[in-house]
Amino acid sequence: MLNISLWNMVGVVVEVLLLYVLLKKFLFKPIKDIQEKRQAMIDGQMQKADAANAEALAFKEQYAQKISGVQSESNQILEDARKQAKNEYDRIVEQANGEAGDILVKAKKNMELEREKAMREMETQVADLALSAASKILGSKTGTDSDLNLYDQFLDKAGDTDDRTLN
Amino acid sequence: MESNVIIWGIIAVLVLLSIWLTHDLKVENPGKKQLMLEAGIEWLENFFKDLLGEQGSRYTPYMMTVIIFIAVSNLSGLLGFKPPTKDMNVTAALAIMSIVLIEYAGIHAQGTLGWVKSFTRPMALVTPINIMEIAIRPVSLCMRLFGNMVGGFVVMELIKGICPVLLPFPFTLYFDIFDGLIQAYVFCLLTSLFISEQIEA
């Protein structure tokens, strides 16, 4: 226990060095290896996750752009359709107005023609009446009686015809 | 001579244990055994890395080997063996290895000239003391470990002599387990401190 022997000490040194080599090989190195592998795996996964995240963000951006594009496009389409419909509406209304005006004008012209025709007819009738009245006067006796009679007759007829044509 | 045999036994047990513990390490989903092993080794590694610093991290495997060896040696008394650390040949050999490593670390870190000059620090006056420390440090390391183990052994024998039943139980907790681990810790702590002192000087 207390006697020191050089060879014993050398033996211990050799043994401790051997233990050092063996523990390094069989204990420390495998654990270090496995920890490094794990670290590498975690780093790889982190990288992968980062990449996936970036990709997802890019996709999101892309989709947002697409959606906004679609929005503006649909707005454009709506706008176009509205404009077109308005044009169509204006055109139809204008056409209808024009047609209605034509019809009115034509109707007025027809009415005018009708009236002229009636007037002319009336004039001829009045002339006929005057002619027949004159022939009657010439044919019958003269005198106040006959004159009065004639007047009445004329008035009767004229008034009658007048009333008829004017109303 | 007897302690050499026990040391061989300790080496065999430690190596077989290492092989058994590390034969199925997994990167993912490590088992309880692996987690405990990794946590223990990592704890030791961090302990020595903190002491030795970044530059001295190359000495951590040796320090881990020594702390495991001394701890197992000290605890081997529990199994009825004669602890190798109770043999001064063993503690002296360990202390000599420590001082060789300490001075090697100094030479490696500062160069031979820087290492020689480091004896004059902090002032030229202390140079003889610094030189004497080359001898004093290993002797103190050796004697501390040896004395504690022998002292613990003697006290335990005395207690067993008084009453071999039950009474030794609490004392064995202190002298065999606690003191054994503390001495392993102290030996390696001091060696690491001296190494880091040499590296950072």
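Where a number appears in this text, it was derived from the coordinates with a stated rule and is not lab data. All figures in this text were calculated on a predicted structure; none of them were measured in a lab. Note that we place each Cβ from the backbone using ideal geometry, even for glycine, and neighbour counts take in every protein chain shown.
Here are the numbers for this structure:
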item	result
GluC sites (Glu not before Pro) restricted to region B:23-96 and DSSP loop, no more than 10 other C-beta within 10 Å	B:28, B:54
Where only C-alpha atoms are counted, convex hull volume of region A:41-135 per residue in Å³	45
Candidates B:121, B:137, B:58: whichever shows maximal mean-square fluctuation once chain B is modelled as a Gaussian network with Cα springs under 10 Å	B:121
Pairs of alpha carbons in chain B whose separation is greater than 20 Å (percent)	63
Calculated diffusion of the protein assembly as shown, Stokes-Einstein form, Kirkwood radius summed over Cα pairs, 37 °C and 0.692 mPa s, µm²/s	105
3J(HN,Hα) from dihedral phi, region B:120-131, Karplus parametrisation 6.51/-1.76/1.60, rounded to Hz, x for glycine, proline	8, 8, x, 8, 4, 4, 8, 3, x, 5, 4, 5
Projected area, mean over directions - region B:144-201, Cα convex hull, nm²	3.9
Binned Cα-Cα distance frequencies in region A:7-166 - 5 Å width, integer %	2, 6, 6, 6, 4, 5, 4, 4, 4, 3, 4, 3, 3, 3, 3, 3, 3, 3, 3, 3, 2, 2, 2, 2, 2, 2, 2, 2, 2, 2, 2, 1, 1, 1, 1, 1, 1, 0, 0, 0
